[in-house]
Amino acid sequence: MKILMVCLGNICRSPLAEGILQHKAKEKNLDWTVDSAGTGTWHIGLPPDERSIERARKYGLDISEQRARQFKVTDFDHFDKIYVMDASNYQNVMRLARSETDRAKVELILNELYPRQNRTVPDPYWNDDGFEQVYQMLAAACECIMEKYGAEGKL
Ligand code: 4NP
């Protein structure tokens, strides 16, 4: 599987999602590609937000080597699934989709945990207390993703 996690800045939410799912895939010896990107441009080239790095570290993950990049149209060709965090990311990514095949790859990540409820992962950038909640939501969603696709073997 090739999975891309997408948020706005690619410094808070999607780096955590990338780190969590990458770790799970490694644990299961799956040859997956897990990456992340942002729809915005402000933080390109920067490491994740210190609060996300700390939160990941608390749970034994090192995401400090990640660098933010912007989502690009060719990501539709390189990834099987594109998980977005909220409705705004969803709209921004869907706007770039060129076909029904592209559109079918895009999904709100929490729909894996709460099917069809269209819940969103809140942007924690302006809320220091939000990071733990975001981590827990993403960990639970990534567990569902692993249950769904992990059994398919080394795709
Ligand atoms: P993220 O959080 O989308 O989870 O990476 C944000 C990071 C930065 C900004 C907004 C959201 N910003 O406005 O700079």
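For the chain, with all protein chains present and a 1.4 Å probe, just round the carbon and sulfur fraction of the accessible area to a whole percent.
Accessible surface attributable to carbon and sulfur in the chain totals 48 percent.
Quick one: accessible area per residue over the chain, 1.4 Å probe, rounded to a whole number of Å²?
Each residue of the chain exposes 51 Å² on average to a 1.4 Å probe.
Could you order the peptides 104-111, 92-99 from most to least packed, using the average number of other C-beta atoms within 10 Å per residue?
104-111, 92-99
Using label points projected 7 Å from each Cα along Cα→Cβ, tell me how many nm separate Glu27 and Asp129, to one decimal.
Distance between the two pseudo-spin positions: 2.9 nm.
The values are calculated or read from the model by the stated rules, or taken from the named source; none is laboratory data. Nothing here was measured: the structure is a model prediction, and the numbers come from that model. Don't worry about glycine lacking a Cβ; one is built from the backbone with ideal geometry, like all the others, and counts go over all protein chains shown. Quick note on the areas: whole protein, heavy atoms, side chains included, nothing else; ligands and nucleic acids left out. Shrake-Rupley method; radii C 1.70, N 1.55, O 1.52, S 1.80 Å.
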